[in-house]
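The values are calculated or read from the model by the stated rules, or taken from the named source; none is laboratory data. Every value quoted in this text rests on a predicted model; they were computed, and no experiment measured them. With ideal geometry, Cβ positions are generated from the backbone for all residues, glycine too; neighbour counts draw on all protein chains shown. In case anyone asks, the SASA skips ligands and DNA or RNA and just uses the protein heavy atoms, side chains included. Shrake-Rupley method; radii C 1.70, N 1.55, O 1.52, S 1.80 Å.
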Amino acid sequence: MKKYALLLLLFMMLGGCGPWAKTKGAYNGNGFVVDLPEGWMRSRQADYLLITRDGVLLQSVVVYRTEVGSSFKNTKKKLTKGMMPQEAAEVILDNFASNQEYLNFQVIENKPAKINGLPAFKTVYTYKDKDGLRYKAMYYGIINNDSFYGIRYTAPIRYYFDNDSKIFEKIAGSFKVQ
Amino acid sequence: MTRLCYAFFLICILAGCAGTNLPPVSTAGFTLEEDEKRLWARSKEEATAIDQSDMIYDDRELEAYLNEVARKLQPPQVMKAVPFKVEVIRNPLLNAFAYPHGAVYVHSGILAQMENEAQLATLLAHEMTHATHRHAIKEFRHVKSKSAYLATLSTTLGGAPLIGEVFNILGAVGTMASVSGYSSDLETQADMEGLQLVVKAGYDPREAIKIFAELKKELEEEEVTEPFFFGTHPRINERIRNYQKLLRTEYAGRNNGVKNESTFRGKIAKVILDNAGLNLKAGRYSKAFHGAEKYLTIRPNDHRGHFLLAEAHRQRGENDDMEKAMAAYRKAVAIDVRHSESYRGMGLLQLKKGDAAAAKKNLRQYLNLMPQATDREYIEEYLKQM
């Protein structure tokens, strides 16, 4: 009996009671749904969608929802209802630019976009971390009524960013508000 | 037996005192102690990391000026023992710190806040005294378990917003110097000895207290209940009282010291403008306005100051901000008719107001002047929709 109980426990652990779960199919988040790529891992612990294939320092995709008017960590600016995508992009980018851990922050691209018919912005930026490693990020932002949705892909510039940028675009393209 | 007890007691006292009873570097025959050499080596590593981190404000002329002021404060034999070098860190928060081996870092935020060279001298003298009086090694020796202390710094400060980010970049020695500060006694010593250097160099000691008044004002505006920066010990009101006492007693009647306001403002004008820009990004509108207005008192005909003021009004978007933004953009283009971003600003305001004709004119002018604008696609979309 003890042997079976132990086997059951081992099975449960292997089956995914740990902090990461294999990605599969669509993910229903906090007011949104996105299609996830196969072969990646999804964090069970984050209260937003966080997925990676090789580890979050090598690539990560984050999808989250926040209420318009919520506070940001690094800027006192806030999103407001009815903001134009360009204005929303300015707030998001200033939040990143004011992050003391993002050194040499530079905006490469900032333009309007559409995510499943919703007006959005798309921005691409780079920064260095404290160890001098250069990162690149692609970020879609959508204001929809009282909610703001962020869809972000981050990876080291060298080798990793270009590897999965197309996968990210597919994820972003599948995004729907629920 | 009693004699043994007394001897034991004396040894304990001496051992305790020896740990922190270090003469300043100006003492004849000064040499570093062994653990101090290791602390200096660690400090140099951290300072090198800062210097290579893109945090340093790139302005050689400004750096030369700051180091010139530092050299006025210390005699050559002290500079030889601790080769001070002052650099500016691009950071809008009010802070400055010194490593024990002489690297001194001043945030652009606190530099932009000052009014004259006497205030700068007070700040530098305070920080340099931490190094000349060997406060870092005294503090480290005072702590029984250094690894536990450093770990505690990491966990208690590392998780706090802003402070945590600073810790990740600075390292343990830098964080102790810049964030947690030294003990109350050592901070008081830095205040007193520092003020002595300031007076000796011919500066007006009455300016010393004004830095704290500005710091206190910032803390009230930001609703910070207790400052981490610029030393937590003693607390800011206590430090203001310390300086007030010194000005009433030891330095009473010292009215004719040097301030060098004009030279100082000329040297730091660009820092004021850039720092106002950092504050605008951080959403600290009142500081952004203050910085832009202060810059315009030094450089009234610089379109960049008017533009920054306009942007601050536009981005805050309260009450009569839109009218004030428009007025400031107009001043910017009156000075520099080719300043493209001012046309964009005016166009965006007019777009929001529903004045399509005026918005089109200004947004088209923006794209004409800046064909490679990174936000070109937004503007083209607005023009299509109008």
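Some observations on this one:
- In the set (1) in a loop (DSSP other than H, G, I, E, B); (2) under 26 Å from B:GLU193 (Cα atoms); (3) within 14 Å of chain A (Cβ to nearest Cβ), B:TYR105 fails one condition alone, (1).
- Some residue of region A:43-57 being of a type in the set (Ser, Thr, Tyr) and within 30 Å of B:PRO92 (Cβ to Cβ): yes
- The residue that is nearest to A:GLN59 (Cα to Cα), counting only those in region A:113-124 that are at the interface with chain B (Cβ under 10 Å from one of its Cβ atoms) and open to solvent by 20 Å² or more (accessible area, probe 1.4 Å), is A:LYS122.
- Residue in region B:312-326 that is farthest from the other protein chains (Cβ to nearest Cβ), counting only those that are open to solvent by 10 Å² or more (accessible area, probe 1.4 Å), outside any loop (DSSP other than H, G, I, E, B) and under 15 Å from B:LEU280 (Cβ atoms): B:LYS324
- Selection within region A:1-23 - in contact with a Lys or Arg (Cβ under 9 Å, 6 or more places away or on another chain) and either at pLDDT below 90 or surrounded by 14 or more Cβ atoms within 10 Å (Cβ to Cβ) (or both): A:GLY16, A:CYS17, A:GLY18, A:PRO19, A:TRP20, A:ALA21, A:THR23
Here is a yes/no grid of residues against (1) under 17 Å from B:ARG330 (Cβ atoms); (2) within 12 Å of chain A (Cβ to nearest Cβ); (3) basic (Lys, Arg); (4) over 39 Å from the mean Cα position of the chain (by Cα):
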{"site": "B:GLN350", "(1), (2), (3), (4)": "yes, no, no, no"}
{"site": "B:LYS361", "(1), (2), (3), (4)": "yes, no, yes, yes"}
{"site": "B:TYR366", "(1), (2), (3), (4)": "yes, no, no, no"}
{"site": "B:ARG376", "(1), (2), (3), (4)": "no, yes, yes, no"}
{"site": "B:LYS384", "(1), (2), (3), (4)": "no, yes, yes, yes"}
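- Exclusive hit being assigned to a strand (DSSP E or B), closer than 23 Å to A:ALA155 by Cα and out of contact with any Cys (no Cβ under 8 Å at 6 or more places or on another chain), set A:VAL107, A:VAL91: A:VAL107
- Among the residues of region A:125-164, those that are surrounded by 18 or more Cβ atoms within 10 Å (Cβ to Cβ), at pLDDT 95 or above, within 14 Å of chain B (Cβ to nearest Cβ) and over 13 Å from the mean Cα position of the chain (by Cα) comprise A:TYR125, A:TYR127, A:TYR135.
- Every test in (1) out of contact with any helix residue (DSSP H, G or I) (no Cβ under 7 Å at 6 or more places or on another chain); (2) exposed (fewer than 15 other Cβ atoms within 10 Å of the Cβ); (3) at pLDDT 90 or above is passed by B:LYS44 save one, and that test is (2).
- For B:TYR329, the conditions (1) of a type in the set (Ser, Thr, Tyr); (2) under 20 Å from the mean Cα position of the chain (by Cα); (3) away from every other protein chain (no Cβ under 14 Å) all hold with the exception of (2).
- Restricting region A:57-72 to residues that are within 21 Å of A:ASN145 (Cα to Cα) and assigned to a loop (DSSP other than H, G, I, E, B), the residue that is nearest to the chain's Cα centre (by Cα) is A:PHE72.
- Scanning region B:52-66 for residues that are within 14 Å of chain A (Cβ to nearest Cβ) and in contact with a helix residue (DSSP H, G or I) (Cβ under 9 Å, 6 or more places away or on another chain) gives B:SER53, B:MET55, B:ILE56, B:TYR57.
- Residues that are open to solvent by less than 10 Å² (accessible area, probe 1.4 Å) and out of contact with any Asp or Glu (no Cβ under 8 Å at 6 or more places or on another chain) within region B:74-91 comprise B:VAL78, B:VAL82, B:ILE89, B:ASN91, listed in sequence order.
- The numbered conditions (1) over 20 Å from B:ASP58 (Cβ atoms); (2) surrounded by fewer than 19 Cβ atoms within 10 Å (Cβ to Cβ) are all true for B:GLY266 except (1).
- Helices (runs of 4 or more DSSP H) wholly inside region B:337-386 that include at least 1 residues being out of contact with any helix residue (DSSP H, G or I) (no Cβ under 8 Å at 6 or more places or on another chain): B:356-369, B:376-385
- Any hit, region A:73-93, residues being within 10 Å of chain B (Cβ to nearest Cβ), within 17 Å of the chain's Cα centre (by Cα) and at pLDDT below 95: yes
- The residue that is nearest to A:THR154 (Cα to Cα), counting only those in region A:94-104 that are in a helix (DSSP H, G or I) and within 7 Å of chain B (Cβ to nearest Cβ), is A:ALA97.
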